[in-house]
Amino acid sequence: MKLSNTPVDSLMMFDRQIFIKRDDLLHPEFSGNKARKFAYFLAHDFPGAKKLIGYGSPQANSLYSMSALAKLKGWTLDFYVDHIAAQVKSQTEGNYVEACANGANVIDLSERHDREGRSCEEYIKEKALIDETQALFVPEGGRCEYAEFGVAQLAREIVDWAVQANLEQLKVFLPSGTGTTALFLNKYFIESGSNIRVLTCACVGGDEYLNLQFTQLSQFKTFYPEIISLPKKYHFGKLYRECYEMWQRIDKQGIRFELLYDPVGWIALEAYLKSASEQTSIIYIHQGGLLGNASMLPRYKRKFG
Ligand SMILES: *Cc1c(COP(=O)(O)O)cnc(C)c1O
């Protein structure tokens, strides 16, 4: 099972060469980014643990990756969601379907009578964990200290590659959800004395939300990656013509990306490169997530042809 040491390719975009860290080539069950974030659980033993508990969107890559992790470890998975849309229940492919096939127990809180207005996180902390002293709880999208272990390995790979490639100035770009990957990468570069820095953009909830996520991960502002603001607000999971067009442009360059984060990421990167004065080398992290295309691509084709 490939869980680290991915190659670096490059492609031409925006009239320049951009390096691509191919984390999409990590084991498909952990969909790139989540392989890094869950590496700690894969590398360690947890005697006594029998259950993994998480929450988030029923369409999330993290649901699928947690189901794969649980299966591999011989644990059960309880994954709490706010609500499961009828459209998601009727899907035949994608993260939700594959997670259920892996045995995930997806719990729809809108059907629980003792919810009493609680968020998923509150419900887990106040209700579920009381009876589950042995369970391992992973916050949304793997936003926790555990993630630092695997993300530091990714950072080391980038530092080593930059040394070999003789790149003195390098910026790492990746689109963010919770910002966990971006923050722990930037933290590693700073703490190890490297001058590589991380640029990111907010694909969920806007710049303020992403900043808030950073504050929950570290109290030190110096570690926070630079957030590239988007030309307009994109709602996570919604379809936009310019996102589809951007995805098609990159696809023509020969590397397939996913459709939730990457189109927004490349739009932000284009905006950044237009405004940047220096010509620093850029490495874009391909964080996988291609399983989600099974439901996203048909939606895009229906809408924009
Ligand atoms: C989970 C995920 C992200 C977001 O990662 P964060 O660490 O939450 O910012 C980005 N891209 C893909 C493909 C993902 O699966």
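The values are calculated or read from the model by the stated rules, or taken from the named source; none is laboratory data. Not measured: the values here are computed from a predicted model. Don't worry about glycine lacking a Cβ; one is built from the backbone with ideal geometry, like all the others, and counts go over all protein chains shown.
In the list LEU174, LEU210, which residue meets the criterion of being near the ligand (Cβ under 10 Å from one of its atoms) and assigned to a helix (DSSP H, G or I)? Give the derivation first.
Details: LEU174 fails: assigned to a helix (DSSP H, G or I).
Of LEU174, LEU210, the one residue that is near the ligand (Cβ under 10 Å from one of its atoms) and assigned to a helix (DSSP H, G or I) is LEU210.
Please identify the pairs in which a residue from region 109-126 that is farther than 11 Å from VAL81 by Cβ has its Cβ atom under 7 Å from the Cβ atom of a residue that is assigned to a helix (DSSP H, G or I) and of a type in the set (Ser, Thr, Tyr), counting only partners at least 6 apart or on another chain.
Close Cβ pairs (under 7 Å, with a partner that is assigned to a helix (DSSP H, G or I) and of a type in the set (Ser, Thr, Tyr)) amount to ARG115/TYR123.
Let's see how each residue does on (1) over 24 Å from GLU270 (Cα atoms); (2) within 17 Å of the chain's Cα centre (by Cα):
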| site | (1), (2) |
| --- | --- |
| GLY193 | yes, no |
| ASP207 | no, yes |
| LEU230 | no, no |
| CYS243 | no, no |
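Can you pull out every residue in region 209-228 that is buried (at least 19 other Cβ atoms within 10 Å of the Cβ) and under 17 Å from ALA268 (Cα atoms)? Walk me through it before giving the result.
Within region 209-228, the subset buried (at least 19 other Cβ atoms within 10 Å of the Cβ) is 210, 213-214, 217, 223-225, 227-228.
Matches in region 209-228: LEU210, PRO225, ILE227, ILE228.
Restricting to region 226-279, what's the tally of residues that are within 17 Å of ASN33 (Cβ to Cβ) and either without any contact (Cβ under 8 Å) to a residue 12 or more places away in the chain or among the acidic types (Asp, Glu) (or both)?
Of the residues in that region, 2 qualify.
Taking the condition of being at pLDDT 90 or above and away from the ligand (no atom under 13 Å from the Cβ), how many residues in region 134-154 meet it?
Qualifying residue count, region 134-154: 6.
Please go through region 2-61 and pick out each residue that is small (Gly, Ala, Ser), under 26 Å from ARG156 (Cα atoms) and touching a residue at least 40 places away in the same chain (Cβ under 8 Å). Please lay out each step first, then the result.
In the first step, residues of region 2-61 are kept if they are small (Gly, Ala, Ser); the result is 4, 10, 31-32, 35, 39, 43, 48-49, 54, 56-57, 60.
Next, from what is left, pick out any that are under 26 Å from ARG156 (Cα atoms): 4, 10, 31-32, 35, 39, 43.
Those that are small (Gly, Ala, Ser), under 26 Å from ARG156 (Cα atoms) and touching a residue at least 40 places away in the same chain (Cβ under 8 Å): SER4, SER31, GLY32, ALA35, ALA39, ALA43.
Name the residues in region 213-239 that are within 16 Å of the ligand (Cβ to nearest atom) and aromatic (Phe, Trp, Tyr), would you?
Correct list: PHE214, PHE223, TYR224, TYR234, PHE236.
Checking THR280 against (1) at pLDDT below 95; (2) under 19 Å from SER10 (Cα atoms); (3) within 16 Å of the ligand (Cβ to nearest atom), which test does it fail?
(3)
Residues in region 118-137 that are small (Gly, Ala, Ser) and over 23 Å from VAL88 (Cα atoms): how many?
Keep residues of region 118-137 that are small (Gly, Ala, Ser), which gives 119, 128, 135.
The next check asks that each one be over 23 Å from VAL88 (Cα atoms); those that pass are 128, 135.
Residues that pass the stated criteria total 2.
Can you tell me which residues in region 283-297 are under 14 Å from ARG241 (Cα atoms) and away from the ligand (no atom under 14 Å from the Cβ)? Quick ask: steps written out before the conclusion?
Here is the first cut: in region 283-297, the residues under 14 Å from ARG241 (Cα atoms) are 296-297.
Across region 283-297, the qualifying residue is only LEU297.
Only one of (1) in contact with a Lys or Arg (Cβ under 8 Å, 6 or more places away or on another chain); (2) crowded, with 22+ Cβ neighbours inside 10 Å; (3) polar (S, T, N, Q) fails for THR76. Which number is that?
(2)
How about region 259-287: which of its residues are outside any helix (DSSP H, G or I) and under 24 Å from GLN87 (Cα atoms)? Walk me through it before giving the result.
Here is the first cut: in region 259-287, the residues outside any helix (DSSP H, G or I) are 259-261, 276-287.
Scanning region 259-287 gives LEU259, LEU260, TYR261.
Does TYR96 qualify as being within 23 Å of CYS144 (Cβ to Cβ), outside the structural domain of GLY289 (by TED's automatic domain parsing), in a helix (DSSP H, G or I) and hydroxyl-bearing (Ser, Thr, Tyr)? Lay out the reasoning, then the answer.
On the way: within 23 Å of CYS144 (Cβ to Cβ): yes; outside the structural domain of GLY289 (by TED's automatic domain parsing): yes; in a helix (DSSP H, G or I): yes; hydroxyl-bearing (Ser, Thr, Tyr): yes.
For TYR96, the condition - within 23 Å of CYS144 (Cβ to Cβ), outside the structural domain of GLY289 (by TED's automatic domain parsing), in a helix (DSSP H, G or I) and hydroxyl-bearing (Ser, Thr, Tyr) - is met.
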